[in-house]
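This report refers to the structure that appears directly beneath it.
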Amino acid sequence: MKLENIIKKLNDLYPESLKSSYDNVGLMVGSMTKDVKKVLLALDLTREVMDEAIESGIDLIITHHPLLFHPLSMIDTDKDPGSIIRDLIKYDIANYAMHTNFDVVKMNDYLSSLIGITNKQILSESESLGIYGDIEAMKVEDYILKVKDAFNISSCEYYGKPNIKISKVGIIGGSGSSRIDAAKEKNLDLFITGDVSYSRGLEAKRLGVNVLDVGHFIEHLFTNVIFEDLKELDKTLEIMASKIDVIPYVRF
């Protein structure tokens, strides 16, 4: 299948026009006329994911986070991302990214379904970002265990009151701690997001918002959605999710 047909399908589902103004989405490297047989899905295009793609004979890498986020003044092929750009061209591998456009359409809807949120509504209407709604009422500690299991994570950080019962929950995948005010406005019992800094944690405490930091990596679950989208488009495509763990830290 031609790359342009794949991109057309994905752009129909997740229009690039919906991206945030600061974002960069779409074709990062490659030719629209390229024939695609093997696709690799990944959260980020790191050096390790690039090597995985080369070894697997991949034609197209679809990522959530864009390889080229900020403009480059030079391409140093001895360092990333220059070496990755070099190898994409050398091995004729295209890279396409769907970031905030995917977030607006599907990310938080999908993540919220995994953790049992119903009666869904948009959390931040001005950005069409995030989902909140109802869950089966339970103790916050019990719900945190359910969230960890749903996202297959071993640890998370909770900024809030212990031993409370919750029933109204919101989520923004990735770095959503700047929307704590929206969580307060919606009177959420628990706000789930990632990359919560010390200062944001203090802000949440000041505002009386209970926040659960599940990390940024849960967004890799976007690969499950895109896998199904591509299979529906063309069952002959060979699609694989990256086996590389791109989390840049280790918890001790």
- Query: Residues of segment 1-14 being open to solvent by 30 Å² or more (accessible area, probe 1.4 Å) and either assigned to a helix (DSSP H, G or I) or closer than 22 Å to residue 71 by Cα (or both), which ones?
  - Reply: 4, 5, 8, 9, 11, 12, 13
- Message: Go through segment 214-248 and report how many residues are open to solvent by less than 40 Å² (accessible area, probe 1.4 Å) and not acidic (Asp, Glu).
- Response: 13
- Item | When residues of segment 117-150 are limited to those that are open to solvent by less than 40 Å² (accessible area, probe 1.4 Å) and farther than 20 Å from residue 220 by Cα, the one modelled with the lowest pLDDT | 124
- Query: Hey, among 142, 109, which residue is over 18 Å from residue 189 (Cα atoms) and either free of Cβ contacts under 8 Å to residues at least 24 places away in the same chain or of a type in the set (Gly, Ala, Ser) (or both)?
  - Reply: 109
- Message: Condition first: open to solvent by less than 40 Å² (accessible area, probe 1.4 Å) and within 20 Å of residue 64 (Cα to Cα). Now tell me which residues in segment 151-195 satisfy that.
- Response: 151, 153, 171, 172, 173, 174, 176, 177, 192, 193, 194
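State all residues of segment 207-236 that are charged (D, E, K, R) and either more than 11 Å from the chain's Cα centre (by Cα) or farther than 16 Å from residue 153 by Cα (or both); if no residue qualifies, say none.
Going through segment 207-236, the residues charged (D, E, K, R) turn out to be 213, 219, 228-229, 231-232, 234-235.
Within segment 207-236, 213, 228, 229, 231, 232, 234, 235 qualify.
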- Given (1) among the polar types (S, T, N, Q); (2) more than 18 Å from residue 180 (Cα to Cα); (3) in a helix (DSSP H, G or I), number of the condition residue 108 does not satisfy: (2)
- Item | segment 213-252: number of residues that are at pLDDT 90 or above and farther than 13 Å from residue 174 by Cβ | 21
- Task: Could you please let me know if residue 236 is closer than 25 Å to residue 57 by Cβ, in contact (Cβ under 8 Å) with a residue 12 or more places away in the chain and in a helix (DSSP H, G or I)?
- Result: no
- Note on the structure: Within segment 27-52, restricting to residues that are free of Cβ contacts under 8 Å to residues at least 60 places away in the same chain and buried (at least 22 other Cβ atoms within 10 Å of the Cβ), the one that is farthest from residue 226 (Cα to Cα) is 50
- Among (1) under 17 Å from the mean Cα position of the chain (by Cα); (2) among the β-branched types (Val, Ile, Thr); (3) assigned to a strand (DSSP E or B) - the single one residue 153 does not satisfy: (3)
- Among the residues of segment 208-229, is there at least one that is assigned to a strand (DSSP E or B) and within 24 Å of residue 11 (Cα to Cα)? no
- Message: I need a count of the residues in segment 84-99 that are open to solvent by less than 10 Å² (accessible area, probe 1.4 Å) and either within 23 Å of residue 186 (Cα to Cα) or among the β-branched types (Val, Ile, Thr) (or both).
- Response: 2
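The values are calculated or read from the model by the stated rules, or taken from the named source; none is laboratory data. On a predicted model such as this, the values are computed, not experimentally measured, just so you know. Because the Cβ atoms are built from the backbone with ideal geometry, glycine has one as well, and the counts that use them run over all protein chains shown. Just the protein is used for accessible areas: all its heavy atoms, side chains included, with ligands, DNA and RNA removed. Shrake-Rupley method; radii C 1.70, N 1.55, O 1.52, S 1.80 Å.
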